[in-house]
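Here the structure comes first, spelled out in structure tokens, and everything after it is commentary.
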Amino acid sequence: MPEARLAKMPFRKGAKKFPVKLTTLTDELDFEQDWKATGRSLLELVCQLIGLRETWYFGLQFEHPNGFNSWLQMDKKVRDQVGSDNTSPVRVMLLAKLYPENVAEELLQEITQHLFFLQVKQAILSMDIYCPPETSVLLASYAVQAQYGDYDENTYQPRMLTSAELLPQRVISQYQMTPEMWEERIKIWYADHRGMARDEAEMEYLKIAQDLDMYGVSYFSISNKKNTDLWLGVTALGLNIYEKDNKLIPKTSFAWSEIRNVSYDDKKFSIKPVDKSAANFVFLSKKVRMNKLILDLCIGNHDMFMRRRKPDTVDVQQMKTQAKEEKLRRQIERNKLSKEKQLREAAERDRSALEERLLQYQEEIRLANEALRRSEETAELLAEKSRVAEEEAMLLQQKASEAEQEVNRMRLNAMKTEEEKNLLERKTRDAEILTARLVEESERRAMEADKLKDELTRARKAEKQAKERLQTFLTRNTLVPTLYSEPSAQTTKLAQDLSALAMTSPVSPIGNTGVTSSSSSFELVCPDSDVEQLSLEIEKERVEYLEKSKHLQEALRSLRTEIEVLKVGEKNCSLDALHAEQIRLGEDKYSTLRKVKSGSTKARVAFYEDL
């Protein structure tokens, strides 16, 4: 807890303290600070509280008593800058003040990457950074992957994403599309990110966002000698000049390697080029405090520009080594988890196949039992018919015997009269005929009984064969019950939570104007001779990355074409038109910067003054 960590901070015994309310993009902390604390000591404390070591990108922003947002000066006392009473807490917000040139190479800590991700995402959603609609959908899919993890058809619920703020309101209002239609397009890309960890998804988000024209640009309203309203953009690579209605495409640009000195006097700000034959680059701002902020950002960005082109400090080397080892460790764990996941999925598939086979065997057993039951019933019926036939044959034989005895008796008792004799003869003939018929019927019944006995014998033989086949089938499948054995312990092992980096380091200064009056000056040390070569190498790496992402560009073009028919033309803003013109000309952020940087510094200063 913050309170426990604060208890270890070395405060002077009996020193007067003031309350501080710190806000980050993830949390809020309340603590106390020494009354004489400077901006640097407060930033160091904040960074220790959250475990942040790459402190040079960040600053503490506060609301000035005059109603505007400002950055805490590092070497000045906090109480002298915020000007609040003794009881009210000092409210500060930790934000990125400077931006890296290449997020993939320069952001080392996961917490640094996460804070940049949240800040850039917020800037895109609040439309402080212009983002094309199709790119907004792609970025939203990475944000969903970072927040929810892998897409799962079984757990995914319709409208799960519509409640979250994923797209800029400007994009939503420009198309005749329902939230469900936007969700469906986000879900298509979201499903493609399966297996991507949170930090990987956030890094992919930043790698795409850094190619947006307004990414990493701090805009200030200025005017030139002709009193033309313009925008000054302070970036990690230098200064850009924009027309008042176009923050997207700069009219001219000056790299830090071309600037020798920056200074201001009241509202007048002067930049001296390295080329001494070129005139000074002069502009006017509306307020002196704006010039102080511009100078502070120029110093900070120039220091970062030079720092990237010098050998890394021991602290940075240590962080890079730790980051490399941590990245390798995570990759090994991810590969292991991926392999275990594949094995589990293969085991599940085998289990499903075996379950299907088991069901098939059970069905075959059921059919065999049914056939056996029918055979047994048939055998019992034939046995019953044979018994009935035998009984009928015996009864007929008995009747035939009785008839024969009656004939003999009648023959022995001859009738005395002829009439009786004839009658007796007639009866005798009838009895003989009846006896013959009975004998014939008895023989037929005996033959039928013999036939039924044969059928019964065959039925019992078939029943015996069916029982033998069933016994053989059951013996052959004795391994079926093992289908439901539990998976191995290896496949159920979960990846261990990533431990936080325990090492902390003092905050490196990010530049201080040291200004107490309405004028100030700062000499920018020119970079070494290999600055241009290093810049070319960075540009080469960026071109290689773009080559690798061609398939992504194809997908973006396809989505842009798909939703273009649903666009409401009258709701387009000026930036949409400018971006569409860039696409038509086949240009991007970096080709535009190369174009505006072409030509001499002298020519560009003259062009700026003529705007």
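Collect the residues in segment 431-460 that are open to solvent by 90 Å² or more (accessible area, probe 1.4 Å), over 19 Å from ARG387 (Cα atoms) and not hydrophobic (A, V, I, L, M, F, W, C), keeping them in residue-number order.
Across segment 431-460, the qualifying residues are ARG437, GLU440.
How many of the residues making up segment 407-430 are surrounded by fewer than 12 Cβ atoms within 10 Å (Cβ to Cβ) and hydrophobic (A, V, I, L, M, F, W, C)?
Selection size over segment 407-430: 2.
Find all pairs meeting these conditions: Cβ atoms under 9 angstrom apart; at least six residues apart or on different chains; first residue within segment 300-318 and at pLDDT 90 or above; second residue part of a helix (DSSP H, G or I) and of a type in the set (Gly, Ala, Ser).
PHE305/SER257
Name the residue, out of LEU367, LEU328, LEU359, that is of a type in the set (A, V, I, L, M), under 26 Å from GLU200 (Cα atoms) and open to solvent by 80 Å² or more (accessible area, probe 1.4 Å).
Numbers: LEU367 fails: under 26 Å from GLU200 (Cα atoms); LEU359 fails: under 26 Å from GLU200 (Cα atoms).
Only one candidate qualifies: LEU328.
Go over the candidates ASP296, ASP275 one by one and state the one that is modelled with pLDDT of 90 or more and either open to solvent by 20 Å² or more (accessible area, probe 1.4 Å) or on the phi < 0 side of the Ramachandran plot (or both).
Details: ASP275 fails: modelled with pLDDT of 90 or more.
Going through ASP296, ASP275 in turn, just one is modelled with pLDDT of 90 or more and either open to solvent by 20 Å² or more (accessible area, probe 1.4 Å) or on the phi < 0 side of the Ramachandran plot (or both): ASP296.
Inside segment 250-274, can you point out the residues that are of a type in the set (A, V, I, L, M, F, W, C) and under 18 Å from ASN224 (Cβ atoms)? Walk me through how you get there before you give the answer.
In the first step, residues of segment 250-274 are kept if they are of a type in the set (A, V, I, L, M, F, W, C); the result is 254-256, 259, 262, 269, 271, 274.
Hits for segment 250-274 are PHE254, ILE259, VAL262, PHE269, ILE271.
All but one of (1) over 20 Å from ASP199 (Cβ atoms); (2) of a type outside the set (D, E, K, R); (3) in contact (Cβ under 8 Å) with a residue 60 or more places away in the chain; (4) touching a helix residue (DSSP H, G or I) at 6+ places or on another chain (Cβ under 6 Å) hold for PRO100, so report the exception by its number.
Condition not satisfied by PRO100: (1).
Kindly evaluate ASP265 against the criterion of being out of contact with any Leu (no Cβ under 8 Å at 6 or more places or on another chain), on the phi < 0 side of the Ramachandran plot, open to solvent by 40 Å² or more (accessible area, probe 1.4 Å) and modelled with pLDDT of 90 or more.
On the way: out of contact with any Leu (no Cβ under 8 Å at 6 or more places or on another chain): yes; on the phi < 0 side of the Ramachandran plot: yes; open to solvent by 40 Å² or more (accessible area, probe 1.4 Å): yes; modelled with pLDDT of 90 or more: no.
Spelling it out, it is not the case that ASP265 is out of contact with any Leu (no Cβ under 8 Å at 6 or more places or on another chain), on the phi < 0 side of the Ramachandran plot, open to solvent by 40 Å² or more (accessible area, probe 1.4 Å) and modelled with pLDDT of 90 or more.
I'd like the full set of residues that are surrounded by fewer than 17 Cβ atoms within 10 Å (Cβ to Cβ) and over 30 Å from the mean Cα position of the chain (by Cα), limited to segment 588-597.
Within segment 588-597, SER591, ARG594, LYS595 meet the criteria.
Can you name the helices (runs of 4 or more DSSP H) wholly within segment 68-135 that have at least 1 residues being of a type in the set (A, V, I, L, M, F, W, C), over 15 Å from ILE208 (Cα atoms) and more than 28 Å from the chain's Cα centre (by Cα)?
Answer list for segment 68-135: 78-82.
Can you say whether ALA209 is under 31 Å from the mean Cα position of the chain (by Cα) and modelled with pLDDT under 90, as far as the supplied structure shows?
Details: under 31 Å from the mean Cα position of the chain (by Cα): yes; modelled with pLDDT under 90: no.
No; evaluated as a whole, the condition is false for this residue.
Scan segment 129-145 and give yes if some residue there is of a type in the set (S, T, N, Q) and open to solvent by 20 Å² or more (accessible area, probe 1.4 Å), otherwise no. Before the answer, list the steps.
To start, the set of residues in segment 129-145 that are of a type in the set (S, T, N, Q) comprises 135-136, 141, 145.
Then keep just the ones that are open to solvent by 20 Å² or more (accessible area, probe 1.4 Å); that gives none.
No, segment 129-145 has no match at all.
Would you be able to say whether some residue in segment 383-406 is over 22 Å from GLU440 (Cα atoms) and open to solvent by less than 90 Å² (accessible area, probe 1.4 Å)? Can you show your working first?
First, pick out the residues of segment 383-406 that are over 22 Å from GLU440 (Cα atoms): 383-384.
With the extra rule that they be open to solvent by less than 90 Å² (accessible area, probe 1.4 Å), the set shrinks to 383-384.
Yes, segment 383-406 contains at least one residue that is over 22 Å from GLU440 (Cα atoms) and open to solvent by less than 90 Å² (accessible area, probe 1.4 Å).
Identify, from the list LEU343, LEU237, LEU293, the residue that is closer than 17 Å to SER221 by Cα and touching a residue at least 24 places away in the same chain (Cβ under 8 Å).
Details: LEU343 fails: closer than 17 Å to SER221 by Cα; LEU237 fails: closer than 17 Å to SER221 by Cα.
Residue meeting the stated conditions: LEU293.
Within segment 88-119, which residues are open to solvent by 40 Å² or more (accessible area, probe 1.4 Å) and touching a Ser or Thr at 6+ places or on another chain (Cβ under 6 Å)?
MET93
So, in segment 300-322, of the ones that are buried (at least 18 other Cβ atoms within 10 Å of the Cβ) and not charged (D, E, K, R), which residue ends up nearest to HIS64 (Cα to Cα)?
Ranking the qualifying residues of segment 300-322, first place goes to GLY300.
Could you give me the residue pairs with C-beta distances under 6 Å whose first residue belongs to segment 255-269 and is of a type in the set (Gly, Ala, Ser), whose second residue is open to solvent by less than 70 Å² (accessible area, probe 1.4 Å) and part of a helix (DSSP H, G or I) wherever it lies, and which are 6+ apart or on separate chains?
SER257/VAL531
Just give me the residues in segment 20-31 being surrounded by fewer than 16 Cβ atoms within 10 Å (Cβ to Cβ) and within 17 Å of ARG79 (Cα to Cα), in sequence order.
As a first pass, look at segment 20-31 and keep what is surrounded by fewer than 16 Cβ atoms within 10 Å (Cβ to Cβ): 21, 23, 26-28, 30.
Residues satisfying the conditions are LYS21, ASP30.
Name every residue in segment 202-239 that is part of a strand (DSSP E or B) and open to solvent by less than 10 Å² (accessible area, probe 1.4 Å), in order of residue number. Break it down stepwise before answering.
We begin by selecting, within segment 202-239, every residue part of a strand (DSSP E or B); these are 218-223, 229-234, 238-239.
Across segment 202-239, the qualifying residues are ILE222, LEU230, LEU232, GLY233, VAL234, GLY238, LEU239.
The values are calculated or read from the model by the stated rules, or taken from the named source; none is laboratory data. A quick note: this is a predicted structure, and the numbers were derived from the prediction, not measured. Note that each Cβ is placed from the backbone with ideal geometry, even for glycine, and that neighbours are counted across all protein chains shown. Ligands, DNA and RNA are stripped out before the accessible areas are found, and what is left, the full protein with its side chains, is counted by its heavy atoms. Shrake-Rupley method; radii C 1.70, N 1.55, O 1.52, S 1.80 Å.
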